[in-house]
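Colleague: Sharing a structure with you now.
Please treat every number below as a calculation from the coordinates, not as lab data. As the structure is a computational prediction, the values presented were derived from the model and not from experiment. Counting neighbours? That spans all protein chains shown, and the Cβs are built from the backbone with ideal geometry, glycine included.
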Amino acid sequence: MVAVVVGLAATVLVWPYGAAVLGLASLWLLVAWFMSRTTELAVTSRKVVAKWGFIARSTIEQRLEKVDSVAVDQTFLGRVLNFGNVTVHGTGINATPIKMIADPLAFRRKVEQAIEARRDVG
């Protein structure tokens, strides 16, 4: 009888916390989905372009010949869910952060391939 009362009390007390965690996780996923839908990334034969935002729009463009390196930062959760931050470092320019993008390793690989292709051509 005591075990049933304790189990019932634990169920009643835990459920609001579970609902709060589920609500926060759902909100986080909604924000992440919205950010992915409002972010555009492109690597051309001449430059790297990143655009993000819905109402307030931000754009970054860097010429490939000015790019020195591309750094990727991923947390443990970012590794598991395949997202992270990319920072493009260049000669004579500030480091350009591109935050919360899907598959940042593939983006870095595309930038490096474009740089190598540009060096081979010119």
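Colleague: Highest first, please rank the peptides 93-102, 31-40 by the mean number of other Cβ atoms sitting within 10 Å of their residues. Mind showing how you got there, number by number?
Modeller: Working: 93-102: 14.9, 31-40: 12.7.
Most protected by this proxy first, the peptides run 93-102, 31-40.
Colleague: Suppose R0 equals 25 Å; then what is the FRET efficiency for Leu29 and Ile93 from their Cβ-Cβ distance, rounded to the nearest 0.05?
Modeller: The calculated FRET efficiency here is 0.15.
Colleague: For the range 67-122, with equal point scatterers placed on the C-alpha atoms only and solvent neglected, what are the log10 I(q)/I(0) values from the Debye formula at q = 0.12, 0.29 1/Å, to two decimals?
Modeller: Relative scattering, expressed as log10 I(q)/I(0), comes to -0.30, -1.10.
Colleague: Sorting check: for 74-83, 44-53, which peptide has the highest mean count of neighbouring beta carbons within 10 Å, and how do the rest follow?
Modeller: Most protected by this proxy first, the peptides run 44-53, 74-83.
Colleague: Related question: Would you kindly state how much longer the chain becomes between Asp73 and Met100 on full extension, computed as 0.36 nm times their sequence separation minus their alpha carbon distance, in nm to one decimal? List each step's numbers first, then the result.
Modeller: Numbers: separation 27, 0.36 × 27 = 9.72 nm, distance 0.96 nm.
Length gained, Asp73 through Met100: 8.8 nm.
Colleague: P(r) for the chain: what percent of alpha-carbon pairs falls in each 10 Å bin, starting at zero?
Modeller: Distribution as computed: 12, 32, 24, 12, 9, 7, 4, 1, 0 percent.
Colleague: Here's another thing I want to ask about it. Name the long-range amide H neighbours of Lys47: under 5 Å, sequence gap of 5 or more, or other chain; modelled H, no Pro or chain starts.
Modeller: HN-HN under 5 Å from Lys47: Leu64.
Colleague: What is the calculated FRET efficiency for Val80 to Arg57, with r their C-beta to C-beta distance and R₀ = 30 Å, to the nearest 0.05?
Modeller: 0.50
Colleague: Let me ask you something else. In percent, what relative contact order does the chain have, based on Cα pairs under 8 Å that are 6 or more apart in sequence?
Modeller: 18 percent
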